[in-house]
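These notes are about the structure you will find just below.
The values are calculated or read from the model by the stated rules, or taken from the named source; none is laboratory data. Predicted model, so just to flag it, every value in this text is computed and none were measured. Every residue, glycine among them, receives a Cβ derived from its backbone with ideal geometry; neighbour counts consider all protein chains shown. The protein model used for the area step is the full one, side chains on, heavy atoms only, and it has no ligands, DNA or RNA in it. Shrake-Rupley method; radii C 1.70, N 1.55, O 1.52, S 1.80 Å.
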Amino acid sequence: MSETRHRPDWTPLRLPAADHSFFRAGGPELVTTDPTTGETVAVLATSTPADVEELVGRARDAFRTARWRNDGAIRARVLFRYAEALRADVDRLATLLTREQGKTIGEARNEVLGSAEMVEFYAGMARTLYGRSIALGDHAHGVVLREPIGVVGIITPWNWPLVLLVRALAPALAAGNACVVKPASLTPAVTVEALAPLAADPDLPDGILGCAVGSGGVTGDALVGHPDVHMIAFTGETGTGVGVMKRAADDLRKVSLELGGKSPNIVFADARMDKAIEGALNAVFTTTGQICTAGSRLLVEESVREEFVGRLAERTRALRLGDPLDPSTQIGPVVSLGQQREVNEYIELGRKEGDILASAELPGGLPEGAFVAPTLVGGLARDSRLVQEEIFGPVLTVQGFADEDEAITLAEDTEFGLAAGIWTTDLDRAWRVGRAVSAGTVWINTYHHFYGEAEVGGFKKSGLGRQQGVEGIAEFTETKHLNFDSSPTLW
């Protein structure tokens with residue numbers, strides 16, 4: 001188990017700071033706390049509906065000036081400089097992220113650096129957002145352009161507050177839009193601090209970037225309901241996403257939604273056992289299970305089920321839980337005591353409805369933080385809440401299957417379709433099952449490898465639209481057809 005170490009002293013941040021002019025906040029204070037110790041991490045003023053009104057108005061006016069949306073070279077330079085700023089500040093931002101969210105310091109550093117890579121990818125696309133030309137006849141010519149939508153409202157979650165921010169912000173800005181960001185109330189400080197160098201760039205027009213902090217019911221509602229917000233990009237829980245879509249429907253505004261998941265991780269008997277076991281651990285226990293693509297439903301072929309689950313249980317019990325600032329820690333706390341209660345309720349339900357196959361040991365000597373023991377649960381009915389609902393914590397359900405058809409049936413037995421994993425040495429089987437599973441991302445003999453170049457997104461109730469890749473920037477554009485009649489008599 002991870003040993004308790006002396007934590008460095010921490011002086012809570014107070015935001016907005018004097019140089020955070022992009023952050024408008026005149027409402028009551030919001031306090032964020034460290035889920036490991038309960039210490040105050042930051043004190044932030046919240047944004048009122050009037051603050052949101054001001055931010056959206058500034059974004060609308062900045063977009064109308066046309067300089068930003070018409071000059072891809074400026075957009076590229078700004079975004080490349082922003083990527084370098086994130087890299088240069090990785091230690092401070094990672095520490096703030098770990099303190100505010102609870103993920104291990106190694107994961108936090110990877111998130112900051114991964115965010116920089118994502119920004120760079122879209123910086124490179126800012127100058128290559130091409131349309132196409134069409135020959136329509138002897139004197140008819142068409143040019144199809146991709147143009148920015150306008151003001152984009154971006155609402156981000158607390159589990160990956162930086163990567164899931166730039167995954168929307170970078171393509172939206174690269175396409176020429178103005179953006180107003182509303183971060184999750186549990187992790188606003190790291191978001192505001194990460195945005196500061198971008199907002200300070202001398203080539204970013206005033207008003208193109210704004211940030212509003214507060215609850216979804218007040219600040220988020222004001223942003224989603226504003227008639228001058230032309231698109232909402234939301235990442236979060238499915239029920240909230242449905243609400244966002246309903247609000248946007250009133251004015252027929254565009255939405256991009258990445259929502260919940262209950263992803264199957266399918267292990268066939270011919271899989272490389274050692275690699276599949278490590279993959280299963282990574283699939284469900286990354287970010288303490290608080291990731292929408294978590295491979296939280298393990299499906300194992302019956303002929304190897306006992307051996308595979310036995311070895312997986314040993315690895316689960318051996319996981320090192322502890323202070324996420326300790327580099328040796330493998331599993332940190334969940335994000336809050338409230339989240340801890342919810343996840344533990346699912347584990348208790350698993351004790352009643354099934355069998356606890358393994359549970360990691362919670363180490364002594366730690367503060368009363370929001371720790372949850374990583375847990376494997378078997379013997380559950382297919383309609384059990386643990387099998388069907390997104391738990392968002394370190395809980396893995398285990399089901400067996402007899403053959404390929406049953407594996408596909410079980411994989412499809414959910415309302416979600418965000419991701420899936422397949423472990424096999426049979427290429428034909430990998431292709432068949434990968435095509436049959438309804439999921440935006442299917443990993444084969446790996447899990448949780450993300451690339452800015454590759455699109456992700458949901459089937460079924462896991463969302464609408466696509467993030468990342470070329471499709472990720474297309475989400476933030478509209479197409480316009482310019483039709484020319486070149487008849488000599490008209491020119």
Summing -39500 (n - 2.57) over the DSSP H runs of n ≥ 4 in the chain and dividing by its residue number, what mean residue ellipticity at 222 nm do you reach, to the nearest 500 deg cm²/dmol? -11500 deg cm²/dmol
Run the numbers on region 129-263 and let me know its relative contact order in percent, using alpha-carbon pairs under 8 Å that are six or more apart. 23 percent
Measuring with a 1.4 Å probe in the full set of protein chains, what accessible area per residue, in whole Å², belongs to the chain? 41 Å²
Ranked by how many other beta carbons lie within 10 Å on average, peptides 150-161, 223-234 from highest: 150-161, 223-234
Potential lengthening between Lys480 and Ser303 on full extension [0.36 nm per residue; Cα-Cα distance subtracted]: 58.1 nm
Roughly how many Å² of Arg167 are accessible to a 1.4 Å probe, to the nearest 10? 20 Å²
Cut-off 16 Å (backbone N to label point 7 Å along Cα→Cβ of Ser133), residues of region 439-483: 481-483
Alpha-carbon centroids, region 315-338 and region 352-425: separation in whole Å: 18 Å
In units of 2.2 N^0.38 Å, what is the alpha-carbon radius of gyration of the chain? 1.02
Could you tell me which of rounded, prolate or oblate describes region 33-112, using a ≥ b ≥ c as the square roots of the eigenvalues of the alpha-carbon gyration tensor, with rounded for a/c under 1.5 and, failing that, prolate when a/b is larger than b/c and oblate otherwise? oblate
Report, to two decimal places, the Cα Rg of region 331-415 normalised by 2.2 N^0.38 Å (N = number of residues). 1.21
Could you calculate, for region 298-345, the ratio of the Cα radius of gyration to the Kirkwood radius, expressed as Rg to Rh? 1.13
For region 303-435, averaging the sequence separation of alpha carbon pairs under 8 Å that lie six or more residues apart and dividing by its residue count, the contact order in percent is 20 percent
Can you tell me how region 86-220 classifies by the Cα gyration tensor, rounded, prolate or oblate, using a/c under 1.5 as the rounded cut? prolate
The summed charge of the Glu404 Cβ neighbourhood (under 11 Å; Lys/Arg +1, Asp/Glu -1) stands at -4
Among Asp51, Asp89, what's the order by accessible area (1.4 angstrom probe), most exposed first? Asp89, Asp51
Counting only protein heavy atoms, what percent of the accessible surface of the chain is carbon or sulfur at a 1.4 Å probe? 51 percent
